[in-house]
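Undergrad: Handing you this structure, nothing more for now.
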Amino acid sequence: MDEARGNARARHAVIFLGPPGAGKGTQAKEVAHRQAVAHLSTGDMFREHVSQGTELGLRAKPIMARGELVPDEIVLGMIEERLMRPDCASGFVLDGFPRTLPQAEQMDRKLVTLGYGKPVVIHFVVDRSSLLRRLTGRRMCAVCGRIYHIYDRPSRMPGLCDDDGGALMQRQDDTEAVIKDRLAVYDRQTEPLVEYYRTHGKLWELDAGAEVESVTKAVMKILDGNGNR
Ligand code: ADP
Ligand code: AMP
């Protein structure tokens, strides 16, 4: 029975789609943990490359600082390599990927070759003023990447992660000027994917403006309804 459940789950790929600050990372960490599947954040992967000073990181750094998208071929190469690792075998939650039509189309082809069905796509919907408040107040643990908010989800000790005591950092692209550009990039390049998945996949609209715990419940309900347990 458990094996059958495991096999059923292995056929599912989940995509969290939505603008910067919609809560995708916060929910992806929780949901991937609960479902024992991999959490794949392309933004986290790029930040890791930047902090390690790899060749890929050196290319991505100025693009990320401007709030633009890293070229498709770089993102696709990175994610395809990541999908081959063993922790992806039981399924995965994609957070911040795909972000362009070519990325989505290539991912669809990749999922077929990996034996997955159509991805379960959850569209996080949040109003713009909340996005701005969330992004300007976001802080991240420099050690484990746990996400906080200075007012709405503060750590117990100011500036320090509850889990490992790591320093909480503000992302360089979480300034008002870059946020404005990132939201424009989202509208132009990523928002069209909502329509793409409405016609090519399974798309669920999610009210992501609610408090974190009730958003998690709503996500779990969608995934449970898809035989994802
Ligand atoms: P994304 O990955 O979509 O860019 P994050 O998960 O990093 O978004 O969340 C952005 C900010 O909003 C963080 O500071 C996080 O603590 C906060 N946040 C996330 N979800 C909620 C929520 N439901 N209500 C209030 N704040 C939230
Ligand atoms: P995120 O952490 O998802 O907000 O991503 C941070 C930055 O990484 C983005 O602003 C882009 O510059 C880059 N990035 C992350 N994911 C992608 C992607 N799928 N395609 C292109 N660029 C990306």
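Undergrad: Mind checking which lysines have their C-alpha under 19 Å from LYS29, skipping anything on the same chain fewer than 8 residues away?
TA: LYS217, LYS221
Undergrad: On average, how much accessible surface per residue is there in region 33-156, in Å², for a 1.4 Å probe, leaving out ligands, DNA and RNA?
TA: 50 Å²
Undergrad: Another question, if that's okay. Just the number, please: carbon plus sulfur as a percent of the accessible area of the chain, 1.4 Å probe, no ligands or DNA/RNA counted. Each step should come with its number before you reach the end.
TA: Values: 6260 of 11740 Å².
The nonpolar share, carbon plus sulfur, comes to 53 percent.
Undergrad: Another question, then. Got a number for the accessible area of ARG153? Probe 1.4 Å, square angstrom, nearest 10.
TA: Number for this one is 90 Å².
Undergrad: Could you work out the local net charge near ILE122, counting Lys and Arg as +1, Asp and Glu as -1, over the other residues with Cβ closer than 10 Å to its Cβ?
TA: +1
Undergrad: Taking amide hydrogens as modeled 1.01 Å from N in the peptide plane, which residues meet the under 5 Å criterion relative to ILE15, leaving out close sequence neighbours?
TA: Long-range HN contacts for ILE15: LEU94, VAL120, VAL121, ILE122.
Undergrad: I'd like the accessible area for ARG128, computed on protein heavy atoms only with a 1.4 Å probe and all protein chains in place. Round to 10 Å², please.
TA: The value for ARG128 is about 110 Å².
Undergrad: In the chain, how does Rg compare with the Kirkwood Rh, expressed as the Rg/Rh ratio over alpha carbon atoms?
TA: Working: Rg = 17.0 Å, Rh = 18.1 Å.
So for the chain, dividing Rg by the Kirkwood Rh gives 0.94.
Undergrad: A further question on this structure: How far apart, in nm, are two points set 7 Å out from the Cα along the Cα-to-Cβ line at ASP72 and at GLN52?
TA: Placing both labels 7 Å along Cα→Cβ, they lie 2.7 nm apart.
Undergrad: Let's see if you can work this out: charge +1 on each Lys and Arg Cβ, -1 on each Asp and Glu Cβ, no other charges. What is the dipole magnitude of the chain about its Cα centre, in debye to the nearest 20?
TA: In debye, rounded to 20, the chain gives about 180.
Undergrad: What number, rounded to the nearest 500 deg cm²/dmol, is the helix-based mean residue ellipticity at 222 nm of the chain, given -39500 (n - 2.57) per DSSP H run of at least four residues and division by all its residues?
TA: -14500 deg cm²/dmol
Undergrad: Return the sequence-ordered ³J(HN,Hα) values of region 117-122 in whole Hz as given by the Karplus equation 6.51 cos²θ - 1.76 cosθ + 1.60 applied to θ = phi - 60°, using x for Gly and Pro.
TA: In residue order, the calculated couplings are x, 5, x, 8, 10, 10 Hz.
Undergrad: To the nearest 10 square angstrom, what accessible area does GLU176 show with a 1.4 Å probe?
TA: For GLU176, the solvent-accessible surface is approximately 120 Å².
Undergrad: Just want to confirm a number: the relative contact order over the chain, from Cα pairs under 8 angstrom separated by 6+ residues, in percent.
TA: Computed over the chain, the figure is 31 percent.
The values are calculated or read from the model by the stated rules, or taken from the named source; none is laboratory data. No experiment lies behind these values; they were computed from the predicted model shown. Here the Cβ is made from the backbone with ideal geometry for all residues, glycine too, and neighbour counts use every protein chain on show. All accessible areas refer to the heavy atoms of the entire protein, side chains included, with ligands and DNA or RNA removed. Shrake-Rupley method; radii C 1.70, N 1.55, O 1.52, S 1.80 Å.
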